[in-house]
Amino acid sequence: MKFQGFCRKIYLCAMTEKDFIPKSYPAQVEQGEVTWQSPSNIALVKYWGKLENQIPANPSISFTLDSCRTTTTLKFKKKQQRADNFHFDLSFEGEKKESFRPKIQKFLERIDPYLPFLRDYDLSIETSNSFPHSSGIASSASGMSALALCLMSLEKQLNPEMNEEYFTRKSSFLARLGSGSACRSIEGDLVVWGMHNNIYRSSDLYGVPFRDEVHDNFKNYRDTILLVDKGEKQVSSTVGHDLMNDHPYAEQRFRQAHDNLDKLKKIFRSGDLDEFIKVVESEALTLHAMMMTSQPYFILMKPNTLAIINKVFKFREETGLHLCFTLDAGANVHLLFPEKEEEKTLQFIENELKQYCQNGQYITDRVGSGAKKLA
Ligand code: DP6
């Protein structure tokens, strides 16, 4: 017990759900507004499968991205009287967005015990993305993290003593309750979410920066996103995660994710790009293999996804460069490569891969440093 007290105070390494329930607020806030910009992230070891309350079935790690971002402004005004319901307006890229309401309503319900002031305010949420609308890029990570940060800024006004570490952890904790992967979008540049025995301070409740040594090969890593299919997602992530319940290979897969994190830990230290590629591509294909072997089963890759993957293999063989792919739960392809191989790789993408993208569209991004509060 004595150790735990010490641990909490110095390292905040054992935060539990209770630590995120505020006791009282010393300050009064009538109205105001705040804006946060939060990035998307791309998982190297994938989160696929969850338990109740958005607890991941296995740990994951991601690169935080830089230019794929959501900007959210939260305006708040204290009500005359506290209400039973949440009151909020929503707009996306300047237009009212009724279709987002159920997701936000559910989010507010989930975070209510941790932000008990929510029903005291009329909220207006204005949000926009830096990436093209319906590009097939998941905006839930950037969107939910931006909203969580805005709400935390209001809580910080109510409790000005709050320290930065607590602010960041709780933002990630709340973002997780909106969308699991969103908890990895608060900070840069590598974030781990989910308990792992060999990763310091890792937690199922929030993301933490990966603090081990990282070789220069991985600094400023590039991610070019090829937009193969910009349509609606064929399987929502909620349905997808559920497919891991009673999945015949689930246990094995969860164990593999732990092992792959151990491998990546060594790889980040050594800078071994060939080993990095093996882990990252295998993770992407395993994610899709899980979907193909669930009941019901789904094939989310498109013919162009496979054409791109084969071209990547060939390019690597011919050039000895370290371009690799990863996938989310869809047909788009994320191409990861080191900064110093950028010129040749981008040329290859433009000349040989662009043809497989819908309307020739792709997005060049890189690893970034996390969310930013705008003035
Ligand atoms: C394939 O975070 O979108 O991108 O928690 O249900 O909102 P919810 O799921 P979500 O799942 C993302 C899954 C993934 C892999 C990953 O990002 O780790």
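Laid out as a table, the results:
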quantity	calculated
Using a Förster distance of 25 Å, the FRET efficiency for K79-E17 (Cβ separation, nearest 0.05)	0.35
Region 220-366: C-alpha gyration tensor shape, a/c 1.5 cut-off, then a/b vs b/c	oblate
Sites matching chymotrypsin sites (Phe, Trp or Tyr not before Pro) across region 257-311 that sit in DSSP coil, with at most 12 neighbouring C-beta atoms within 10 Å	Y297
Computed over region 17-213: relative contact order in percent, which uses C-alpha pairs under 8 Å that are six or more apart	27 percent
Over the chain, relative contact order from alpha-carbon pairs under 8 Å, at least 6 apart, %	23 percent
Stretch in the chain that is longest and holds no GluC sites (Glu not before Pro) that DSSP places in a loop and that have at most 12 other beta carbons within 10 Å	233-375
K263-L306 FRET efficiency (beta carbon distance; Förster radius 25 Å; 0.05 resolution)	0.45
Cα→Cβ-extended label distance, 7 Å offset, between T319 and E251, nm	4.4 nm
Helix 303-319 axis, angle to the chain major axis (alpha carbon atoms, nearest 10°)	60 degrees
Heavy atoms of C68: accessible area, 1.4 Å probe, square angstrom to 10	0 Å²
Sparsely packed chymotrypsin sites (Phe, Trp or Tyr not before Pro) within region 154-258, loop by DSSP, other Cβ within 10 Å at most 15	Y200, Y249
Average Cα contact separation per residue, region 220-366, under 8 Å, 6 or more apart, as relative contact order %	46 percent
Estimated distance in nm for a label pair at E165 and L51, the labels positioned 7 Å out from Cα along Cα-to-Cβ	2.6 nm
Trypsin sites (Lys or Arg not before Pro) restricted to region 214-311 and DSSP loop, no more than 16 other C-beta within 10 Å	K219, K233
At 0.692 mPa s and 37 °C, Stokes diffusion of the chain via Kirkwood alpha-carbon radius, µm² per second	153 µm²/s
The chain, accessible area per residue, ligands and nucleic acids excluded (1.4 Å, Å²)	47 Å²
Ellipticity estimate at 222 nm from DSSP helix runs (n ≥ 4, -39,500 (n - 2.57)) divided over the chain, nearest 500	-11000 deg cm²/dmol
Proximal lysines relative to K103, as straight alpha-carbon distance under 17 Å, when same-chain residues fewer than 8 apart are discounted	K233
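The values are calculated or read from the model by the stated rules, or taken from the named source; none is laboratory data. Everything numeric in this text was worked out from a predicted model, so none of it was measured. Neighbour counts run over all protein chains shown; Cβ positions are idealised from the backbone, glycine included. Remember, those area values only see protein heavy atoms, side chains included, never the ligands or the DNA or RNA. Shrake-Rupley method; radii C 1.70, N 1.55, O 1.52, S 1.80 Å.
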